[in-house]
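Report on one structure; see the data block that follows.
Here, each number is a calculation from the coordinates, and none is a lab measurement. Everything quoted here is computed from the prediction, not taken from an experiment. Backbone-built Cβ (ideal geometry, glycine too); neighbour counts: all protein chains shown.
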Amino acid sequence: MAIRTILTDKDKALRKTSREVTDFNPRLHMLLDDMNETLVGALGVGLAAPQVGILRRVAIIKHPETGELAEFINPTIIAQDGEQIFEEGCLSVPGYRGKTKRPAHVVVKAFDRDGKEFEMEGEEVIAVAMCHEIDHLNGKLYTDIVDGDLWEVED
């Protein structure tokens, strides 16, 4: 495993749409393992493959309270409802936060690292993280939907 460099919002790669994963092989497993190590080192909640320079539809989320890791390959939001205002941040936009409007509840369909399809529900911060990471796979940053200005935060 290795810690990978996280691209910042200045990098044009973050604005590109990621390609679907078709091979569930050891290279994918290594990417997921590296992303997990990178996420832990950065003290983040979620990370998408484009943030480490890989334009594939791969994302991970680590629950901020339980530490449980969820891996999403080719994720799609299949249901959403409600609304919440959230103070969102991003590892690719270090030192800043902004208020966003996201669904309060989402259901995501995806594949695990072995190619098995699953569905996962998320509420509150997990719903935000799911939407946030899927946005990365579509070349979108949370700063695109911020209501108002970003503000600086101390690390």
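Among HIS136, HIS29, HIS105, the residue with the largest mean-square fluctuation in a Gaussian network model of the chain, with springs joining Cα atoms closer than 10 Å, is HIS29.
Each residue in CYS90, CYS131 was given a count of other beta-carbon atoms within 10 angstrom of its own, and listing them fewest first yields CYS131, CYS90.
Taking 0.36 nm per residue of separation and subtracting the current Cα-Cα distance, fully stretching the chain between GLU123 and ASP33 would add 29.9 nm.
Give the distance, in whole Å, between the Cα centre of region 82-105 and the Cα centre of region 111-144. Here the two parts' Cα centres lie 13 Å apart. The GluC sites (Glu not before Pro) of region 69-155 that DSSP puts in a loop, and whose beta carbon has at most 16 other beta carbons within 10 Å, are GLU83, GLU154.
A crude spin-label estimate for the pair GLU65 and LYS116, with each label 7 Å from Cα along the Cβ direction, gives 2.6 nm.
Our helix-only sum for the chain, with -39,500 (n - 2.57) per DSSP H run of n ≥ 4 divided by its residues, gives a mean residue ellipticity at 222 nm of -6500 deg cm²/dmol.
Computed over the chain with a Gaussian network model linking Cα atoms closer than 10 Å, the most mobile of ILE78, ILE134, ILE54 is ILE78. Taking a ≥ b ≥ c as the square roots of the eigenvalues of the alpha carbon gyration tensor, the chain is oblate, as a/c is not under 1.5 and a/b does not beat b/c.
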